[in-house]
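What follows is a set of notes on a single structure, which appears directly below.
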Amino acid sequence: LVQQLQNIESNNINTVQLDFEFVFPEINSRIEFGAKSIIRDQSVQTYSETFDSQNGIFNADTLANFNYQYDERIFSLYGIFGQQIEKFKYQFGLRVEQAYQIPELLSTGESIPNDYFNLFPSAHLKYAVNDQNEFGLSYSRRISRARAGQLNPFTNYADPFNLRRGNPYLQPEYIHSFDLAYLFESKLFSISTSIYYRRSKGVISRIKEFYDNNTSAVTYQNLNNTNALGTEWVFMFKPYSFWRTTASFNGNMVEYFTDIQGLNNTTGYYLKAKINTTLEFWKKTGSFQMSYGYNGPRITVQGVVQRKGTLDMAFEKKLLDGDLSLGLRVSDLLNQQAFYMDLTRENINQVANYKWMSRRVFVTARYKFGKVEIKS
């Protein structure tokens, strides 16, 4: 099979933001408010041709060719009030948002606009027992929007047995987030831990559909909701000025609720961890960094997926009083980054393993030509 493909993509983002903050020292408080607008325009044009050996010409792949335009407009206003009363700190905020998401199928002349108005309140409370110990309690309402690619309905035929397509009718995902946190800090180490609960409505989820002709397609749909209860830990250890190590852990239990045909409600557990250590030497002109991440199997409404973590290493040396930096970095040293899935739907089971060419060596050089200082 001989094909030729032309793919043109553009992504333009314009952001305008205005912030104002005023401090009331007599009551040890502050007020902040502002406005922000985000205007995003993206386009994707794909034109593919397959060679016809009998006639000696290229013919257009009409199913695979498309012209897609995505426009996003987000306008928001926000206000925050915070105050400290002896050992207590509290803060309340509200963000008002009007959003427009418009996927346009220029190839077919269709436009599927989605506009919505939202209020996002937040509240934070902290209590400092002493200089080293602090407790916190917080609530916030959040939003997770579908990305341009998730809204693109045109089908990707790169693998004819495993197709990919977006869903232009996706709705935003809304999250109610509750956190109870504790922080301990000292010169030698610090511990930050929290227990959290997340209730999400309209969760944007990757769904795989199977067809009678032995093909399948990955697409996206809104689940009813999920409940997640978990804990997160961040440990930072710095025994010497030239050596620091950070380790993090996140584990949770998630309940999935859905009314999508062929999918059942389910409950699963997920663990992930990461450790990073950095050493500085040669009077802090040289540094060595190593990091390793672990992602455990994750239960979904269709089965189990797992993206395996990597071991990365990097070295950097500064020369010429820091103006010149030479670096060497190796990604996925053990060559283990991969993706595994075991999915079931309507009496069909699919097991797949994907392996990327992830082990790479990067050599970098950076030089500072000067420094511009602006004085008012």
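The values are calculated or read from the model by the stated rules, or taken from the named source; none is laboratory data. Keep in mind that this is a model prediction, so the values were computed, not measured. We place every Cβ from the backbone using ideal geometry, glycine too, and count neighbours over all the protein chains shown. These area figures cover heavy atoms from the full protein model, side chains too; ligands, DNA and RNA do not enter into them. Shrake-Rupley method; radii C 1.70, N 1.55, O 1.52, S 1.80 Å.
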Legend entry - Positions within the range 120-159 being open to solvent by 70 Å² or more (accessible area, probe 1.4 Å) and out of contact with any strand residue (DSSP E or B) (no Cβ under 6 Å at 6 or more places or on another chain), in sequence order: 130, 131, 147, 157, 158
Legend entry - Flag for residue 283 being at pLDDT below 90 and not β-branched (Val, Ile, Thr): yes
Legend entry - Hits in the range 158-186 (condition: outside any strand (DSSP E or B), free of Cβ contacts under 8 Å to residues at least 40 places away in the same chain and not hydrophobic (A, V, I, L, M, F, W, C)): 159
Inset, instruction - Search the range 77-97 for residues being among the hydrophobic types (A, V, I, L, M, F, W, C) and open to solvent by less than 60 Å² (accessible area, probe 1.4 Å), and hand back the single one that is nearest to residue 24 (Cα to Cα). - result: 80
Inset, instruction - Could you please find all residues in the range 206-241 being in a loop (DSSP other than H, G, I, E, B), open to solvent by 60 Å² or more (accessible area, probe 1.4 Å) and closer than 30 Å to residue 160 by Cβ? - result: 211, 212, 213, 214
Legend entry - Single residue of the range 334-366 satisfying the filter (under 26 Å from the mean Cα position of the chain (by Cα), within 30 Å of residue 266 (Cβ to Cβ) and among the aliphatic types (A, V, I, L, M)) that is most open to solvent (accessible area, probe 1.4 Å): 351
Legend entry - Filter result (of a type outside the set (Ser, Thr, Tyr) and surrounded by 14 or more Cβ atoms within 10 Å (Cβ to Cβ)) within the range 52-76: 58, 61, 64, 65, 66, 67, 69, 71, 72, 73, 74, 75
Legend entry - Residue count for the range 254-270, restricted to those that are open to solvent by less than 90 Å² (accessible area, probe 1.4 Å) and either in contact with a helix residue (DSSP H, G or I) (Cβ under 8 Å, 6 or more places away or on another chain) or not polar (S, T, N, Q) (or both): 9
Legend entry - Test: residue in the range 152-163 that is modelled with pLDDT under 95, of a type outside the set (A, V, I, L, M) and closer than 27 Å to residue 117 by Cβ: yes
Inset, instruction - State yes or no: is residue 100 open to solvent by less than 30 Å² (accessible area, probe 1.4 Å), out of contact with any Phe, Trp or Tyr (no Cβ under 6 Å at 6 or more places or on another chain), closer than 20 Å to residue 73 by Cα and hydroxyl-bearing (Ser, Thr, Tyr)? - result: no
Legend entry - Subset of the range 180-201 (residues that are touching an Asp or Glu at 6+ places or on another chain (Cβ under 9 Å) and open to solvent by 30 Å² or more (accessible area, probe 1.4 Å)): 181, 182, 183, 184, 185, 191, 192, 195, 197, 201
Legend entry - Scope the range 275-330; condition within 30 Å of residue 210 (Cβ to Cβ), open to solvent by less than 30 Å² (accessible area, probe 1.4 Å) and in a strand (DSSP E or B); matching residues: 303, 305
Inset, instruction - Looking only at the range 348-358, decide whether some residue is aromatic (Phe, Trp, Tyr) and modelled with pLDDT of 90 or more. - result: no
